[in-house]
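Have a look at the structure below, then the notes.
The values are calculated or read from the model by the stated rules, or taken from the named source; none is laboratory data. A quick note: this is a predicted structure, and the numbers were derived from the prediction, not measured. FYI the Cβ positions are ideal-geometry reconstructions off the backbone, even for glycines, and counts take in every protein chain you see.
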Amino acid sequence: MEVVKAPNVKWAQRKDRLLVTVECQNCKEPKLRIENDEKEGCGVLALSGEGTRDGKPCSYGLSLELFGELNKDESKVSVGDRKIVLVLLKSKSGPHWPRLLKAKGKAPQNIKVDWDLYMDSDEEEEQEKKSNFDIGTLDDFSKFDDPLDKDVHTDSEDSDDEDLPDLVN
């Protein structure tokens, strides 16, 4: 009987979504299930499939009860040769979840924070401010200096203005 291996999972979040990377090599046709457990009030992410690990065939299996519910219809999945990337939209945008899983305590060894994608709520708000830049909020452009109105070739003295020999004889 073949042992089902739990793939490594990296995750990060924003106010409105989870960014989840499941590392499973050559898992060409994974069976994914993204749903909500209304009774438990949590989202469920389940995956199974055949792939390879360390060059050998293996079966992958994963079932996670997430901290909150998901908008499963708007979530997106991308399957690659080495990993599956999921953008799971939270059912309610709001503060960051305190953890990925519903269960309290230490997360399993195969689940880690994706520090490359990690962004705390302050950084996220700052990024939103930058991306929501509205050109209409600028004052009248006539208040800005026009570089064409200035003579950039002034005859001011400068230490670099020594008499230099001509390059052509």
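Miscellaneous remarks
- Boolean, residue 28 is touching a strand residue (DSSP E or B) at 6+ places or on another chain (Cβ under 9 Å), touching a residue at least 24 places away in the same chain (Cβ under 8 Å) and among the basic types (Lys, Arg): yes
- Against the conditions (1) touching a residue at least 12 places away in the same chain (Cβ under 8 Å); (2) surrounded by fewer than 16 Cβ atoms within 10 Å (Cβ to Cβ), residue 55 satisfies every one except (1).
- Within the range 27-48, the set of residues being in contact with a Gly (Cβ under 9 Å, 6 or more places away or on another chain), exposed (fewer than 15 other Cβ atoms within 10 Å of the Cβ) and in a loop (DSSP other than H, G, I, E, B) comprises 28, 29, 41.
- Residues that are at pLDDT below 95, at positive phi and loosely packed, with under 10 Cβ neighbours inside 10 Å do occur in the range 99-109, at least one of them.
- Residues of the range 8-26 satisfying the condition of being assigned to a loop (DSSP other than H, G, I, E, B), touching an Asp or Glu at 6+ places or on another chain (Cβ under 7 Å) and not polar (S, T, N, Q): 14, 15
- Any hit, the range 147-164, residues being of a type outside the set (Asp, Glu), surrounded by fewer than 10 Cβ atoms within 10 Å (Cβ to Cβ) and at pLDDT 65 or above: yes
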